[in-house]
Amino acid sequence: MEGRYLNDKGFLIPTADAFLLAALNSPLLWWFNWRHLAHLKDEALTPQGYRVETIPVARPDAATAERAAALTAALAATARETHAARRLLAGWYRAEWGVTRIPRALDNPFALAPDRFVAALKSAMPRGGGTLSAAAVTAIAREHAATIAPIAAKQAVATRQEAELSALVNAAYGLTPEEEALMWATAPPRMPIPPPN
């Protein structure tokens, strides 16, 4: 942990157990912790040690543990690639287009179609971007295809992987379909993933 710091609201768990990671970040345990942990300002939860120690953690079978490990590794890889692409784009915005402050419209460029990305970048440029030449529009669209579209595709896969991981956690805890439906019907704010279709 050299060079890293942890405040009194964080915990280090010395394990590489991917299922534990999946469970602790699952919608099910967010639902549980919303009811179990103390609440702070702005819907934050405070993970007091004596309460964290009592969070129930299911023990999955070997196949579930193996699949959870594969899914968490894939999701971590997508998160790293997304972060790297954001950093690459931020440098490109500055160097090529003079955008030094990334506006909310470009906060998640991976959700933007090419034409919306062009418009968002144009409006973020100094003096509103003015008129873009056909070559500039082509360059922006090319960057969208090279950098943004591949990450957007990986994020779509990650959404399905997160849903699968959530289902694995729910199954390991023995939730019935009715209990899972109740969890989503009584979901607190900021669930880690959207409800299943």
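See the values below:
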{"quantity": "Among 184, 166, 150 the positive-end extreme of the charge dipole of the chain (Cβ point charges)", "calculated": "150"}
{"quantity": "Size of electric dipole in the stretch 12-134: Cβ of Lys, Arg +1 and of Asp, Glu -1, about Cα centre, debye, nearest 20", "calculated": "520 debye"}
{"quantity": "Normalised contact order of the chain, rounded percent, pairs of Cα under 8 Å and 6 or more residues apart", "calculated": "31 percent"}
{"quantity": "Relative contact order (%) - the stretch 16-92, alpha-carbon pairs under 8 angstrom, separation at least six", "calculated": "34 percent"}
{"quantity": "Read-out volume of the Cα convex hull per residue in Å³, derived from the coordinates shown; its label in (1) 214; (2) 115; (3) 166", "calculated": "(3)"}
{"quantity": "Dipole of the chain [Lys/Arg +1, Asp/Glu -1 at C-beta], most positive-end residue of 20, 123, 31", "calculated": "123"}
{"quantity": "Dipole moment magnitude, nearest 20 debye, the stretch 83-142 about Cα centre, only Lys, Arg, Asp, Glu C-beta charged", "calculated": "140 debye"}
{"quantity": "The stretch 158-178 and the stretch 84-147: distance between their alpha carbon centers, rounded to Å", "calculated": "37 Å"}
{"quantity": "Solution diffusion estimate, µm²/s, Stokes-Einstein, the stretch 129-197, Kirkwood Rh from C-alpha pairs, 4 °C, viscosity 1.567 mPa s", "calculated": "84 µm²/s"}
{"quantity": "Built amide H within the under 5 Å cut-off of residue 45, gap 5+", "calculated": "40"}
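Quick note: the coordinates plus some simple rules give every number you see, no bench work behind them. Bear in mind that the values here come from a model prediction, so they are computed numbers and not experimental data. Every residue, glycine as well, gets a Cβ built from its backbone with ideal geometry; the counts of neighbours run over all protein chains shown.
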